[in-house]
Amino acid sequence: MNPWLILVLVGAAIALALWIPRFRLQRALAAPFPAEWVGILERNIGIYRNLPMPLRLELRQMIKQFLHQKHFSGAAGLQVTDEMRVTIAAQACMLQLNRNSDLYPRLRYIIIYPSAFIVSRSEMDDAGLVSHGRKGLLGESWQSGKVILAWDNVLNGARNFVDGRNVVLHEFAHQLDSESGSANGAPLLAGASSYRSWAGALSDEFEDLQKDARVGRRSLMDHYGATNPAEFFAVATETFFEKPRRMARHHEELFEVLMSYYRIDPREWQHAP
Ligand SMILES: [Zn+2]
């Protein structure tokens, strides 16, 4: 065969391979958002009706993209429904509103258990002692492109959007964190000055939370955030979205840094207590 013809055919095949996924995504985004999905959002996402209409419309587009790109599967006999897919996608996408970035490019799979799932783990304490055990988890985020969630907890967290606990926001904050290459409490930021203000605000607050946890003092953020910087970012994200007024009042610098990262102000959606 003529080598020029082979070159043209290979070029055409590459162009097609690049074009098809984009075409499929455009087609998914152009499809109307199903009325049943709006019902799911209104029923399950406690904050949805408070969102201004432009954000609701943006969220719906992102949900379509998320559901088009990510694969859901059930574990322990669970049958995945549209209610589960839309409820999880909506909360994951809330972290990306106004950010105009790819939707979790490394994430491929979301695995859903009916409720808390048991894992076997080895852990090392501060003294270097390694212990092995089994424990129940409500959610887990893997850097290899996987998030695991317990559906009953997802639903409770979605419906109650004011208690500061939300397993989907938590696990997807870990996904954002790991986009920088390692899950260390610092996601991808715009520049060196952003990293400086990020580190300044988060490290002081992290130390304060560690002190609170050590002496058993009540704090706005869950003591679980004192575990390490990655958990601190995930817990701070839950608090930012679900208790924004109190966070802005008592942790002003941290709130400002998170607001410039997430590019939204959740105080506008939460009614005054
Ligand atoms: Zn975590």
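The values are calculated or read from the model by the stated rules, or taken from the named source; none is laboratory data. Model, not experiment: these values are computed from the prediction. In this analysis, Cβ positions are derived from the backbone assuming ideal geometry, glycine residues included, and neighbour counts consider all displayed protein chains. Only protein heavy atoms, including side chains, enter the accessible area calculation; ligands, DNA and RNA are left aside. Shrake-Rupley method; radii C 1.70, N 1.55, O 1.52, S 1.80 Å.
What the table below lists for this structure:
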| quantity | calculated |
| --- | --- |
| Checking residue 103 against (1) open to solvent by 30 Å² or more (accessible area, probe 1.4 Å); (2) touching a helix residue (DSSP H, G or I) at 6+ places or on another chain (Cβ under 6 Å), the condition it does not meet | (1) |
| Filter result for residue 112 (under 20 Å from the mean Cα position of the chain (by Cα), outside any helix (DSSP H, G or I), at pLDDT 95 or above and of a type in the set (Val, Ile, Thr)) | yes |
| Among (1) surrounded by fewer than 15 Cβ atoms within 10 Å (Cβ to Cβ); (2) over 23 Å from residue 261 (Cα atoms) - the single one residue 68 does not satisfy | (1) |
| In region 178-199, the residues that are open to solvent by less than 30 Å² (accessible area, probe 1.4 Å), outside any loop (DSSP other than H, G, I, E, B) and within 17 Å of residue 240 (Cβ to Cβ) | 198 |
| Long-range neighbours under 7 Å by Cβ, at least six apart or interchain, first residue within 10 Å of residue 167 (Cα to Cα) within region 134-156, second among the polar types (S, T, N, Q) and within 15 Å of the ligand (Cβ to nearest atom) | 138/153 |
| Some residue of region 123-130 being modelled with pLDDT of 85 or more and either of a type in the set (Gly, Ala, Ser) or in a helix (DSSP H, G or I) (or both) | no |
| Count of region 151-177 residues which are surrounded by fewer than 19 Cβ atoms within 10 Å (Cβ to Cβ) and of a type in the set (A, V, I, L, M, F, W, C) | 2 |
| Single residue of region 21-44 satisfying the filter (part of a helix (DSSP H, G or I) and among the small types (Gly, Ala, Ser)) that is farthest from residue 83 (Cα to Cα) | 30 |
| Answer residue from region 207-230, given it is loosely packed, with under 15 Cβ neighbours inside 10 Å and charged (D, E, K, R) and is nearest to residue 174 (Cα to Cα) among those | 207 |
| Residue among 79, 91 that is free of Cβ contacts under 8 Å to residues at least 24 places away in the same chain and under 20 Å from residue 43 (Cβ atoms) | 79 |
| Positions within region 231-245 being over 14 Å from residue 265 (Cβ atoms) and open to solvent by 10 Å² or more (accessible area, probe 1.4 Å), in sequence order | 231, 238 |
| Residues (within 15 Å of the ligand (Cβ to nearest atom) and among the aromatic types (Phe, Trp, Tyr)) located in region 192-239 | 206, 224, 232, 233 |
| Where residue 215 falls short, out of the listed (1) under 30 Å from residue 108 (Cα atoms); (2) free of Cβ contacts under 8 Å to residues at least 40 places away in the same chain; (3) out of contact with any helix residue (DSSP H, G or I) (no Cβ under 8 Å at 6 or more places or on another chain) | (1) |
| Condition check for residue 119: surrounded by 22 or more Cβ atoms within 10 Å (Cβ to Cβ) and without any contact (Cβ under 8 Å) to a residue 40 or more places away in the chain | no |
| Qualifying residue in region 5-17 (condition: modelled with pLDDT under 85, under 19 Å from residue 69 (Cβ atoms) and of a type in the set (A, V, I, L, M, F, W, C)) | yes |
| Tally, over region 246-259, of residues that are crowded, with 19+ Cβ neighbours inside 10 Å and in a helix (DSSP H, G or I) | 5 |
